[in-house]
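The values are calculated or read from the model by the stated rules, or taken from the named source; none is laboratory data. Predicted, not measured: the structure shown is a model, and the values here were computed from it. In this analysis, Cβ positions are derived from the backbone assuming ideal geometry, glycine residues included, and neighbour counts consider all displayed protein chains.
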Amino acid sequence: METEILNTDILNQAQSWILNNQELLIRYTVNITAALLTLIIGFMAVGMLTGGMNRVMKARKIDNTISDFVTSMLKYGLLAFVIIAALSRVGVQTASFVAIVGAAGLAVGLALQGSLSNFAAGVLLIGFRFFKAGDYVEAGGTAGTVQSVQIFTTILMTPDNRMIVVPNSKILNDNIINYSKEKTRRLDLVIGVSYSADLKLTKEVLTRIISEDVRVLKEPDCRIAVSELGASSVDFIVRPWVKAEDYWNLKFDLLEKIKNELDANGIGIPFPQMDVHLFREDKA
């Protein structure tokens, strides 16, 4: 009996509190609902806006490194704005919140100096355009095809399809070699022949091989000359100019053809050898 009376009192007090604070409850319910709707609609709008902007930039053939970087920056900035707007709907003072976020950002910034340097390096990489998406580069102690430049990192893909994530600051602070920047490249080959070989014939064979390949550019001229009298070989340099996209295929084909043609003309290619002399010692 006493328990029932106690429960009834609690229920009556709750009902009385609800009636007395009905306006407050309605206001908070509306504010919380509005905040949730702001978050949901805001996140959807940010996704649609950034996605559409990315598609437009790619349709206008803007470099992927620029479009991805700008899209990422815009996305995070808009998401921060949506979150602040949602918090203001539930009564959070945005001015105080911004001040708190600023102070927290300063503390986090001091703790994450490396990340901030990566961010700054990413801005510089995009601004100076040292490379673009699709370029094959050697940077940050590794090499690969540039996929994209993110806020903090650059994504490279190796020829054997491995993804390499390199911090932007490491790339900016190291040498950057862009193999795809120019349309043409010089192929440097060193061909060693034996000292007994006919040098004039060797040069004629090498010249004929180069002239017969249509992938070799007529200008600039290909340089074929003796470069060194080595310990066991006479070294020729063969330096044809080719289109950048033909570089590797031409290199492999020329090496194979040069070997076959030298063999066919009786021109030897020396290789390391060791002569072992055995002496028999007679026992007394």
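Before moving on, here are some points about what is shown:
- Which listed residue, of Val242, Val276, Val238, is of a type in the set (Val, Ile, Thr) and surrounded by fewer than 14 Cβ atoms within 10 Å (Cβ to Cβ): Val276
- Flag: Ile171 matches the condition of being under 11 Å from the mean Cα position of the chain (by Cα), surrounded by 14 or more Cβ atoms within 10 Å (Cβ to Cβ) and outside the structural domain of Tyr76 (by TED's automatic domain parsing).
- Flag for Ser180 being polar (S, T, N, Q), assigned to a loop (DSSP other than H, G, I, E, B) and buried (at least 16 other Cβ atoms within 10 Å of the Cβ): yes
- Residues of segment 175-230 that are touching a helix residue (DSSP H, G or I) at 6+ places or on another chain (Cβ under 8 Å) and touching a residue at least 60 places away in the same chain (Cβ under 8 Å): Tyr179, Ser180, Glu182, Lys183, Thr184, Arg185, Leu187, Leu189, Ile191, Val193, Thr202, Val205.
- Options Leu229, Leu199: the member that is closer than 20 Å to Pro272 by Cα and either surrounded by fewer than 15 Cβ atoms within 10 Å (Cβ to Cβ) or at pLDDT below 95 (or both): Leu229
- Gly134, sole failed condition from (1) assigned to a loop (DSSP other than H, G, I, E, B); (2) in contact with a strand residue (DSSP E or B) (Cβ under 6 Å, 6 or more places away or on another chain): (2)
- Where Gly91 falls short, out of the listed (1) in a helix (DSSP H, G or I); (2) at pLDDT below 75: (1)
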